[in-house]
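Input: a single structure, listed below in structure tokens.
The values are calculated or read from the model by the stated rules, or taken from the named source; none is laboratory data. For clarity, every value in this text was computed on a predicted model and none was experimentally measured. Note: ideal-geometry Cβ built from the backbone for every residue, glycine included; neighbour counts use all protein chains shown. Remember, those area values only see protein heavy atoms, side chains included, never the ligands or the DNA or RNA. Shrake-Rupley method; radii C 1.70, N 1.55, O 1.52, S 1.80 Å.
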Amino acid sequence: MQGNYSSNYNFSNSMFFDLHFHGDEEVIKEAERLGYSGIGLTRYFEDFNSDFLKQFDILKANSNITLKKCAELSCKHPEDLRKKVQKSRKKADILIVRGGDLKVNRAACEDKRVDILSQPYRSRRDSGINHILARKAAENSVAIEINLKTLLKTNLRYRYRVLSQFRHIVELQRKYKFPLIITSSASSKYDLITPQDITALSKCFQMSFEESFDAISKIPQEIIEINDLRDNFVVDGVRIME
């Protein structure tokens with residue numbers, strides 16, 4: 001096993017983020033108590049409307065941690081994905097594509113406007129990611145998500161399969177270097193896991209301490225920072241300086 005609990009990693013002075021989060025004000029407060037610096041408040045494409053935006057503004061004004069609004073897109077095929085991404089990109093801070101279908105997985109990995117491919121393994125026997133998709137995700141900076149709710153809520157009979165899917169994604173990430181994040185998909189305070197527990201649990205799917213730490217700290221911070229600057233980009237590599 002690579003890595004250990006190095007003194008270079010101080011939980012009390014670090015920033016942690018969960019960018020796939022379906023909770024309300026109560027759950028946001030619990031996330032703050034558990035040590036999170038920010039969350040991605042997520043709504044499905046169909047519910048990402050003016051009512052949610054108003055609710056988001058109220059929650060953000062009353063929150064002590066960073067809140068980002070995330071749209072989760074469930075797509076039937078690649079063309080559906082492209083249409084929903086086009087409609088959502090300027091409204092949402094972060095775009096999440098719900099994976100599972102191999103064609104949708106590939107379309108998400110090929111689209112620079114997508115931030116996160118969520119659960120590419122959903123309803124599959126394999127991980128939903130191969131070397132071609134891994135390379136595309138790296139080229140386009142599309143983060144692949146390991147969603148712990150999948151593991152913790154899965155029937156014990158199928159949990160080994162989920163762990164195998166997670167391990168395969170970790171192996172591909174080491175080779176192709178695409179962004180990798182870990183999320184909870186929490187909808188209640190009982191779904192939340194402390195950052196410390198996430199780094200411990202990640203050993204079960206062969207992530208090192210450093211890899212899991214980055215997946216809940218460094219990588220989500222980079223996704224947030226890129227999206228904060230997105231409106232300033234004219235073309236790839238060229239942005240307006242304030």
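Ligands, DNA and RNA left out, the accessible area of the chain computed with a 1.4 Å probe is 47% carbon and sulfur. The separation of segment 195-228 from segment 38-90, counted between C-alpha centres, amounts to 22 Å.
Give the shape of the chain as rounded, prolate or oblate, defined through the alpha-carbon gyration tensor: a ≥ b ≥ c are the square roots of its eigenvalues, a/c under 1.5 means rounded, and otherwise the shape is prolate if a/b is larger than b/c and oblate if not.
Details: a/c = 1.31, a/b = 1.08, b/c = 1.22.
Judged from the Cα gyration tensor, the chain comes out rounded (a/c under 1.5).
Accessible surface area normalised per residue over the chain is 51 Å², counting heavy atoms of protein chains with a 1.4 Å rolling probe. Here segment 1-124 is assigned +1 on the Cβ of each Lys and Arg and -1 on the Cβ of each Asp and Glu. Its dipole about the Cα centre then comes out at about 600 debye. Among the trypsin sites (Lys or Arg not before Pro) found in segment 121-151, those both in a DSSP coil and sparsely packed, with 10 or fewer other Cβ atoms within 10 Å of their Cβ, are 125.
Take every DSSP beta bridge whose two residues both sit in the chain, then give the antiparallel share in percent to the nearest 5. Kindly include the intermediate steps, with their values, before the conclusion.
Values: 2 of 27 bridges.
For the chain, the DSSP antiparallel bridge percentage is about 5.
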